[in-house]
Amino acid sequence: MRKILVIGIGAGDPEQLTMQAVRALNEADVFFLLDKGHAKRDLIALREEILRCHVRRPGYRVVEDADPERDRTTPTADRSGAYTRGVDDWRRARADIYERLIRDELADGECGAFLVWGDPALYDSTLGILDDVLARGTVAFEHTVIPGISSVSALAARHRTGLNRVGRPVQITTGRRLAEAFPEDADDVVVMLDAHRTYERYADEEDLYVYWGAYLGTPDEILASGPLAGTAERITALREEARERKGWIMDTYLLRRLPRQDPQPPPDA
């Protein structure tokens, strides 16, 4: 039986790997890496650096393949279903690649590994795509998941803040969902996958505070925080400069609605 390890490798710093993740790395015979193109070659380089830092067993192989393109232009709320179809098409294309890699590059009895940015359980498709491959019935394997430090955890740590406050919920959402409305039942909202600077829509709200970070855990890490009304413009400038310089950006932010002040009681008559 082939074995697959889905290893959370943290937000970018090789020192963020857990001891469990390091042990898992040293079990693998083959590491599967998907190349997202020249602009994001840094993501492959960081994974290769993690292997150099932590893998001690000799003779392991690295197999790369091109990540399929995904249509990111259709809004989530599109009534035609184009967004859902686009995601489904992309997942099927990735499943085709995973199926071929596991079948052709991994012998019976060998162990292969996918290195997942952050944590495999948070806004990552690897687990669902592996389930799709298994459902096809064309190649058999067992798989194990090793959790990792997510960009959400790294963001809170770098800003020295908690994600939630006493007795209050925290919601993790996407830029696409935030564009529809600010969640009504949460005053602490973590936003991921925001390619369109959705925070700008709320920059006039004076009771919002923002904790923002890009390239968390990497040498290119950028941080900013403050009242959103006075910080949104600075974040946008930092994003655009970084995107121009590197060709891509990965950022995450926490929007925190500050406590509303209770009105002062009237003085005694």
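Pairing residues of segment 148-174 that are closer than 23 Å to PRO120 by Cβ with residues that are of a type in the set (Val, Ile, Thr) and part of a loop (DSSP other than H, G, I, E, B), at Cβ distances under 8 Å and at least 6 apart in sequence or on separate chains, gives GLY148/ILE9; GLY148/THR18; ILE149/THR18; THR174/THR76.
Screening LEU33, LEU17 for residues that are of a type in the set (A, V, I, L, M) and in contact with a Gly (Cβ under 7 Å, 6 or more places away or on another chain) leaves exactly one candidate, LEU17. Considering segment 166-180, and only residues there that are on the phi < 0 side of the Ramachandran plot and assigned to a loop (DSSP other than H, G, I, E, B), the residue that is modelled with the highest pLDDT turns out to be PRO169. Counting only residues that are in a strand (DSSP E or B) and within 18 Å of ALA11 (Cβ to Cβ), segment 202-247 holds 8 of them. Of the residues making up segment 81-95, those that are without any contact (Cβ under 8 Å) to a residue 40 or more places away in the chain, part of a helix (DSSP H, G or I) and more than 13 Å from GLU69 (Cβ to Cβ) are ALA82, TYR83, THR84, ARG85, ASP88.
Answer yes or no as to whether VAL133 is part of a helix (DSSP H, G or I), modelled with pLDDT of 95 or more and surrounded by 18 or more Cβ atoms within 10 Å (Cβ to Cβ). Here the answer is yes, as VAL133 does meet what is asked.
Scan segment 150-193 for residues that are in contact with a helix residue (DSSP H, G or I) (Cβ under 7 Å, 6 or more places away or on another chain) and small (Gly, Ala, Ser) and the total you get is 3. Scanning segment 138-165 for residues that are part of a loop (DSSP other than H, G, I, E, B) and under 16 Å from ASP188 (Cα atoms) turns up HIS159, ARG160, THR161, GLY162, LEU163, ASN164, ARG165. In the condition set (1) within 14 Å of the chain's Cα centre (by Cα); (2) under 23 Å from GLU240 (Cβ atoms); (3) part of a loop (DSSP other than H, G, I, E, B); (4) not charged (D, E, K, R), HIS196 is compliant with all but (1).
The residue that is farthest from GLU110 (Cα to Cα), among those in segment 16-55 that are modelled with pLDDT under 95 and part of a loop (DSSP other than H, G, I, E, B), is GLY37.
Filtering GLY167, GLY86, GLY128 for residues that are among the small types (Gly, Ala, Ser), touching an Asp or Glu at 6+ places or on another chain (Cβ under 8 Å) and surrounded by fewer than 18 Cβ atoms within 10 Å (Cβ to Cβ) leaves a single hit, GLY86.
For segment 136-154, enumerate the residues that are farther than 15 Å from ILE9 by Cα and surrounded by 13 or more Cβ atoms within 10 Å (Cβ to Cβ). Across segment 136-154, the qualifying residues are VAL139, PHE141, HIS143.
Pick from segment 115-133 the residues that are out of contact with any strand residue (DSSP E or B) (no Cβ under 7 Å at 6 or more places or on another chain) and β-branched (Val, Ile, Thr): which of them is nearest to ARG23 (Cα to Cα)? The extreme case among them is ILE129. The set of residues in segment 15-43 that are more than 20 Å from LYS3 (Cα to Cα) and in contact with a Lys or Arg (Cβ under 8 Å, 6 or more places away or on another chain) comprises ASP35, ALA39, ASP42, LEU43.
The values are calculated or read from the model by the stated rules, or taken from the named source; none is laboratory data. Predicted, not measured: the structure shown is a model, and the values here were computed from it. Using ideal geometry, Cβ is built from the backbone for each residue, glycine included, and neighbour counts are taken over all protein chains shown.
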